[in-house]
Every structure is written in structure tokens, then in C-alpha cells.
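Read the structure below first, then the notes.
The values are calculated or read from the model by the stated rules, or taken from the named source; none is laboratory data. On a predicted model such as this, the values are computed, not experimentally measured, just so you know. Using ideal geometry, Cβ is built from the backbone for each residue, glycine included, and neighbour counts are taken over all protein chains shown. Note: accessible area is taken over every heavy atom of the protein model, side chains too, but ligands, DNA and RNA are not part of it. Shrake-Rupley method; radii C 1.70, N 1.55, O 1.52, S 1.80 Å.
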Amino acid sequence: MSNIIKGYILGGIAAITYGMNPLFCLPLYSDGMSTTSVLFFRYLFAIPMLALMIKSRGRSFRLARHNLLPTLIFGVLFSLSSLTLFHSYNYMDAGIASTLLFVYPILVALIMSVFFKERFSLLIFLCIAVAMLGISLLYKAEDGSTLSLTGTLFVVASSVSYAIYLVGINKTRLREVSTLTITFWVIIIGLVLFSCVLFIEGSIQVPSQWWLWGNALALSLFPTAISLLCTTGAIQCIGSTPTAILGALEPLTAVFFGVTIFDEQLTPRICLGFVLIIGAVSIVVARDRIKAIK
């Protein structure tokens, strides 16, 4: 198998497994578990998985002293992104939430333009306009009803915090550190934060059935460990741009499971919104390659 084919397969697996978040999360919600409790177990089970991945690849767990504070800051941002996304599942269909989250590459382009003086092209402006049109189609249904404002704000907060996280990792010394090592410590920081929240709340909900423990474990394995491993492998084989474009499979996966398993709504209006958002974001991600073709 060639590296290119292998890269596309890994990129597809990475996006599809990350799109499984609702598949394993929503049954835990139905069991009465809080968002914080679900994320606590997700991060707890992910730590040994990531540790095994680091050891198997011969990477180091160590962080230089000057990287400690940035890692702490970005760990908080990453945890905030997870918390707000998972909270949004309580207020809107998971497929719509995952699609709205997918606008983060556009936010990255905006941040790079405003704070790092990257050229803000007409192409990006048009893509933002198309994405906003797609969001408007998702926000207001054909019967006039609108999405939950609270849920929408949670997804926006998740997308913004993740975009800042990505830019920050790329624009600090952390870009020189192994992705696995950074993610390992970011997950540990998140676990500490969620533990503190649960301590303040005074309670933690645990799965009531044995098979729900499997959901908690799968939430750590598929959307976290496997998705990260495959993303890293795909980038090494085919580069960041194709891997990011394959990320469009993430919201599509969430929509598929939402419709087939959780009876979420799928109308022509919603489908058009999905297409506009995913298309606009994919063009933003691929803009450098488009310029090269020209």
C-alpha cells in the first residue's frame, strides 16, 4: 500500500472516529450522567492509552520548563472546548452541533489575519459568507423554530477556544514538541480541572450498567486515542491540508449516527446547510493548494 493511500485511509478513520463522540456520549447522558462526569471518565481512560502510544513510539514525556505555562494555558483552552461542545449536545442535535463546530478552520484564518497579519483574501471572505448562510439554514428550521441560543453559544465557544488552541500551539515553542506529548499533558490538565469541578459540585455520576462503562471506554478509545493516532499518521503521509479536508467526514459521521440511532431530524434545508458549511470550510483549508494550481 502506498503512503498516499495509507494517508487518506488514516485521515478518513481519524475524522470518522472523532465524529463518534455523540454515539458514545448521548447514552451516558440518558443514564443521568452530567457533562463533567462524562468528560472526567473520557480523559481518565484516555491517559493510559496515550501513555502507551508515547512509549511505543519512543517519544519522551518530558516538557522543558519554559513550556510548562503555555501547556497549562492551552490545556485549559482544550478542556473548555471539550466541555462546551459536550454541553451543547444537551440543547441541540449532535449532528448540527458537530457541523457548527467545524467552522473552526475559518476562525483560525480570521485569528491569523487579525493578530498575525496574514493576508485576508477575497476567497476567505466569500467562504465566510457562504458558511454564515449555511449556519442560518441550520439555525432556523422550515417551520420557523430556531436552534437553542444556549446550545449555539456553547458550540461557538467550543469552536473559538479550539481555534485559539490550534493557533497558540503553532505560534509558540510548543510546535517543536511531539503532538502526542502535548496532548498527553493537555489531557492530564483537563482531568485535573474536571476533578476540581466535580469536587466543588460534591458528586460524580458513574454508569449504572456494565455496557455503559463500555461507552465511557469507547469514548476515550475512538474519538480520542485512535483519532489522534490516525491524524498524526495521516499528516505524516499526505500532509496537513488533505488531512484537514478529510475532517469533513467528522460532522457527516455525527449526522449519520444522530439520524440513524438517535432519531435526529434531517431535512433538505439542513442538508443544504451542511453542504454550504463543509464546502466553505474545505475551500478555506485548501486555499494554499488552490493558489498553487493557479
Check your understanding: How big is Rg to Rh over segment 104-163, alpha-carbon atoms, Rh as the Kirkwood inverse-mean-distance radius?
Key -> 1.06
Practice item. Taking the Cα centre of segment 1-126 as origin, work out the dipole magnitude from +1 charges on Lys and Arg Cβ and -1 charges on Asp and Glu Cβ, in debye rounded to 20. Key: 700 debye
Revision key, fill the gap. Protection proxy (average C-beta count within 10 Å per residue), highest first, orders 147-154, 80-87 as 80-87, 147-154
Revision key, fill the gap. Expressed as a whole-number percentage, the relative contact order of segment 166-294 with C-alpha contacts under 8 angstrom and at least six residues apart is 19 percent
Point to revise | Burial ranking of peptide ranges 222-233, 56-67, 17-28 (average Cβ count within 10 Å, highest at the top) | key: 17-28, 222-233, 56-67
Review point. Are there any helices in the chain, counted as whole DSSP H runs, that stretch 18 Å or more along their axis by Cα and score at least -0.5 on average by Kyte-Doolittle, and if so which?
Key: 3-18, 35-56, 68-88, 122-139, 149-171, 179-201, 268-285
**Study point:** Listed residues 79, 195 arranged by accessible area, highest first, probe 1.4 Å
**Key:** 195, 79
Revision key, fill the gap. For the chain, the charge dipole (Cβ of Lys, Arg +1; Cβ of Asp, Glu -1; about the Cα centre) points to a positive end, and the Cα of 247, 219, 286 closest to that extreme belongs to 286
Review point. For the chain, what is the calculated [θ] at 222 nm in deg cm²/dmol (nearest 500), taking -39500 (n - 2.57) for each run of four or more DSSP H residues and dividing by its residue count?
Key: -24500 deg cm²/dmol
